[in-house]
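Right, one structure below, let's go through it.
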Amino acid sequence: MTATLTDAPAQLSPPVDTVKLAGAKPGIYPYDVVVGKYAGRMAVYVPATFMPRLQLIPGALYSKADQVWTLPKAWPAVLALKTMSVETGLKLLPHPALKAWVNEQAGHWERMRELAARVDPTAVKAEDDVFYPHQEDDGEWLSYGGGIVPTRGRLLLNETGTGKTAAVLNGILKLDLVPDPSTDPDPEGTGHEPPHRPILVIAPKKTLKTAWADDLATFIPWARVEIIRGTSTQRRAAIERLATGEADIGIIGWEALRSHTRYAAAPGHALKKCEAHGGPPQSDEEHVTEAKCQRHERELNAIDFSLIVADELHRVLNNLSQTTQALWGLIRSAPDALRWGLTGTPISSDSEASWTVLHTADADAWPVKTTYVDYYLERGYSMAGFPQVFGFKPTRREEFQQVFSAMSRRRLKAEVLDLPPLLTGGEFIRECEMGREQAAAYSQMRDEMVLMVQEGKIVAANSMVATGRLSMLASATGYPDDPEAFNPGPDADDVPVKMLLRMPSCKIDSLVDDIRAGEFEGEQVAMSFVSRRFLRLVEQALVDTLGLDPTEIVSVAGDRTDQQCDLAITDFQQGKKRWMLYTYAAGGTGVTLTAASSLLRLERSWSPILWKQGLDRVHRIGSEKHKAVKVYDYVTTGTVEERQIDRFGENAMKLEELVQDQKKLQALFATGAPAKAKKKAAAKVTPAEPAEDPA
């Protein structure tokens with residue numbers, strides 16, 4: 001009689017099962033392993049001919065000693081086995097115990113997809129409502145299954161400006177993770193209060209108070225909040241209060257996180273280890289001290305968190321960065337914690353980067369980057385012959401979306417908010433013609449990667465540096481930093497001198513003409529920059545050339561303290577200041593500038609994330625008071641800036657494969673959609689600018 005998987009007991013040992021199934025009819029035999037070193041994984045038996053196909057599934061491991069293949073016991077692996085069954089023609093024959101689990105999980109994933117897609121574009125926030133309708137839906141999705149089933153990792157990817165912070169706080173309330181002390185903490189009279197399991201929020205430094213502590217005071221006023229900042233001693237004291245139950249929620253900056261948790265290395269990447277963790281001995285020159293050891297447990301690793309929130313999750317797109325590995329180390333030290341990642345821009349210019357976000361949410365389901373890329377993404381070579389990832393494979397896109405569309409939720413501003421129209425492109429593009437000196441400097445750097453000026457020589461060490469300098473030269477002419485210290489020698493060609501900016505500038509001339517013509521009369525205006533030096537040139541021109549009152553101008557840049565930036569934002573939002581100048585680095589995240597009815601983009605970042613974040617500072621919840629928000633782009637013709645805009649459009653299409661924004665917008669215009677929803681969405685869509693097409 002031919003053996004089948006159902007002949008075996010429910011709790012199986014891989015070596016025995018491999019022998020038992022050797023005589024079974026050809027098929028894919030997955031079964032649950034609940035004992036031994038493979039416990040918690042799925043063992044899979046397939047005929048030897050099909051083992052190379054099984055090996056392609058992310059997370060597949062083979063033990064030569066035990067002669068068994070195992071996969072993560074996770075939904076992506078289940079779907080991958082189903083796809084393998086279709087592609088190979090082998091029948092999928094799971095053990096009854098595993099099949100029952102799969103059926104149960106299928107229901108949960110389907111419900112998660114329904115909640116993730118839920119949106120009512122006609123719903124509005126009533127005067128006595130605490131949250132917007134879409135934030136209520138966000139909270140329902142985050143809290144489904146107690147936040148645990150079917151996955152602890154969830155990605156809230158709502159477009160920037162929709163209020164993700166408030167949505168997270170709604171989820172915390174629905175799960176009752178911070179019980180209200182005014183209610184009875186011991187309703188059953190057991191005499192025992194629930195164990196203290198605090199929450200940790202990791203966010204950009206500038207948002208610790210303005211976006212998190214302030215919103216917590218509004219929505220969860222009874223929560224005891226500890227902002228973890230200051231010196232290392234002050235941070236450790238704050239973490240101690242969180243650990244001992246004196247605080248319910250800790251908020252820490254991304255930069256500070258690295259000092260207070262152990263690291264978890266990316267696959268194939270080594271950590272710095274002290275001698276106690278197998279590193280070089282003290283006598284060795286490469287000896288690592290305990291303080292610098294990345295394997296040592298730190299203060300945060302000793303805390304049993306109930307929830308870890310990673311705000312602006314796109315900061316960990318680089319899987320080899322210390323920030324990313326610090327976050328992974330923290331998550332692995334609290335395996336029972338819920339993991340919520342927030343970002344409005346989940347990838348940058350590379351589809352591969354999506355793996356890091358998924359691995360952060362569920363490391364078991366998405367364990368290794370290389371197998372993820374090989375299985376889901378289309379690889380090839382660029383025109384220059386370099387390896388390149390082009391996007392998701394057509395044959396894998398639907399399989400991937402079955403998981404991603406449930407574990408992530410993304411709503412667009414056009415769907416859920418009644419914001420004013422965003423006017424861009426066309427008449428709002430200012431084409432600037434370079435003057436003779438500026439054009440000569442630009443051409444020389446473009447053609448020779450060397451710029452000869454009166455003060456000395458500016459060298460671009462490589463094409464990336466040249467691109468950055470061309471972007472700067474498109475805004476103003478340049479000169480070497482500290483020319484008096486520049487002393488050319490025999491190796492001067494190899495010295496990449498730092499470049500500063502100065503007048504003349506065709507962009508500043510165009511801006512001055514617009515202001516003199518009364519283009520922004522009676523408005524509050526925001527201006528965005530990449531370079532702080534160019535920001536200061538514009539600021540100087542506003543005062544010296546136009547004679548504007550300097551007390552009417554404020555800025556958010558790297559040469560201002562956090563307190564100065566907070567005051568500048570407050571004054572601008574309250575209408576006390578008219579002109580706001582900010583850099584993408586300092587003001588691109590965690591900043592609300594909805595007092596501005598016009599945004600002037602004097603420079604644009606090469607990062608599509610920063611590009612989008614900079615725009616969303618002015619077009620978000622709070623900008624409803626304007627009839628429209630106008631975006632003026634100052635672009636120097638015949639320069640790399642024109643290619644910059646085209647490239648962002650290409651990157652946006654890679655993002656579209658992941659988040660499916662076009663489908664969401666198409667649904668708003670679908671036949672039979674509520675008339676109010678169509679009218680509301682139509683007011684938001686402005687196709688004039690390639691950078692905003694997908695959102």
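Kindly indicate whether residue 375 is in contact with a strand residue (DSSP E or B) (Cβ under 9 Å, 6 or more places away or on another chain), over 30 Å from residue 168 (Cβ atoms) and among the hydroxyl-bearing types (Ser, Thr, Tyr). Can you show your working first?
Values: in contact with a strand residue (DSSP E or B) (Cβ under 9 Å, 6 or more places away or on another chain): no; over 30 Å from residue 168 (Cβ atoms): yes; among the hydroxyl-bearing types (Ser, Thr, Tyr): yes.
No; evaluated as a whole, the condition is false for this residue.
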**Prompt:** residue 248 passes all but one of (1) over 25 Å from residue 563 (Cβ atoms); (2) at pLDDT 95 or above; (3) surrounded by fewer than 20 Cβ atoms within 10 Å (Cβ to Cβ); which number fails?
**Reply:** (3)
**Request:** Examine the range 398-412 for a residue that is at pLDDT 90 or above and in a loop (DSSP other than H, G, I, E, B), and state whether such a residue exists.
**Result:** yes
**Asked** Being aliphatic (A, V, I, L, M), more than 28 Å from the chain's Cα centre (by Cα), buried (at least 21 other Cβ atoms within 10 Å of the Cβ) and modelled with pLDDT of 90 or more, is that true of even one residue in the range 594-601?
**Response** no
**Prompt:** Filtering the range 147-176 down to residues that are within 23 Å of residue 610 (Cα to Cα) and β-branched (Val, Ile, Thr), which residue is modelled with the highest pLDDT?
**Reply:** 168
**Prompt:** Can you tell which of 559, 571 is modelled with pLDDT under 90 and surrounded by fewer than 21 Cβ atoms within 10 Å (Cβ to Cβ)?
**Reply:** 559
**Prompt:** Does residue 409 satisfy the criteria of being in contact (Cβ under 8 Å) with a residue 24 or more places away in the chain, charged (D, E, K, R), out of contact with any Asp or Glu (no Cβ under 6 Å at 6 or more places or on another chain) and surrounded by fewer than 23 Cβ atoms within 10 Å (Cβ to Cβ)?
**Reply:** no
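So that you can scan it fast, the table gives a plain yes or no per residue for (1) modelled with pLDDT under 70; (2) farther than 24 Å from residue 600 by Cβ; (3) outside the structural domain of residue 511 (by TED's automatic domain parsing):
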{"residue": "443", "(1), (2), (3)": "no, yes, yes"}
{"residue": "453", "(1), (2), (3)": "yes, yes, yes"}
{"residue": "465", "(1), (2), (3)": "yes, yes, yes"}
{"residue": "474", "(1), (2), (3)": "no, no, yes"}
{"residue": "480", "(1), (2), (3)": "yes, yes, yes"}
**Request:** Could you tell me whether the range 301-317 includes any residue that is touching a strand residue (DSSP E or B) at 6+ places or on another chain (Cβ under 7 Å), of a type outside the set (Ser, Thr, Tyr), under 19 Å from residue 240 (Cβ atoms) and in contact (Cβ under 8 Å) with a residue 40 or more places away in the chain?
**Result:** yes
**Request:** Identify, from the list 137, 129, 120, the residue that is surrounded by 13 or more Cβ atoms within 10 Å (Cβ to Cβ) and modelled with pLDDT under 95.
**Result:** 120
**Request:** Can you work out which of the residues in the range 602-629 that are under 22 Å from residue 507 (Cα atoms) and of a type in the set (Ser, Thr, Tyr) is surrounded by the most Cβ atoms within 10 Å (Cβ to Cβ)?
**Result:** 605
**Message:** Please count how many residues of the range 35-52 are under 31 Å from the mean Cα position of the chain (by Cα) and either charged (D, E, K, R) or within 22 Å of residue 373 (Cβ to Cβ) (or both).
**Reply:** 1
**Asked** When you go through (1) closer than 20 Å to residue 340 by Cβ; (2) crowded, with 20+ Cβ neighbours inside 10 Å one by one for residue 227, which number turns out not to apply?
**Response** (2)
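Answer with yes or no whether residue 510 is surrounded by 22 or more Cβ atoms within 10 Å (Cβ to Cβ), polar (S, T, N, Q) and at pLDDT 90 or above. Before the answer, list the steps.
On the way: surrounded by 22 or more Cβ atoms within 10 Å (Cβ to Cβ): no; polar (S, T, N, Q): yes; at pLDDT 90 or above: yes.
No; evaluated as a whole, the condition is false for this residue.
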**Request:** State all residues of the range 340-355 that are touching a helix residue (DSSP H, G or I) at 6+ places or on another chain (Cβ under 6 Å) and at pLDDT 85 or above; if no residue qualifies, say none.
**Result:** 341, 342, 343, 355
**Prompt:** In the range 357-374, is there at least one residue being farther than 25 Å from residue 335 by Cα and either free of Cβ contacts under 8 Å to residues at least 60 places away in the same chain or not aliphatic (A, V, I, L, M) (or both)?
**Reply:** yes
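Counting only residues that are over 30 Å from residue 624 (Cβ atoms) and within 22 Å of the chain's Cα centre (by Cα), give me the helices (runs of 4 or more DSSP H) lying completely in the range 66-176 with at least 1 of them. It would help to see each step written out before you state the result.
Numbers: elements: 75-88, 96-117, 133-143, 164-175.
Per the criteria, 75-88, 96-117.
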**Message:** Condition first: outside any helix (DSSP H, G or I) and under 31 Å from the mean Cα position of the chain (by Cα). Now tell me which residues in the range 53-65 satisfy that.
**Reply:** 56, 57, 58, 59, 60, 61
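The values are calculated or read from the model by the stated rules, or taken from the named source; none is laboratory data. In this text the structure is predicted, and so the values were computed from the model without any measurement. Every residue, glycine as well, gets a Cβ built from its backbone with ideal geometry; the counts of neighbours run over all protein chains shown.
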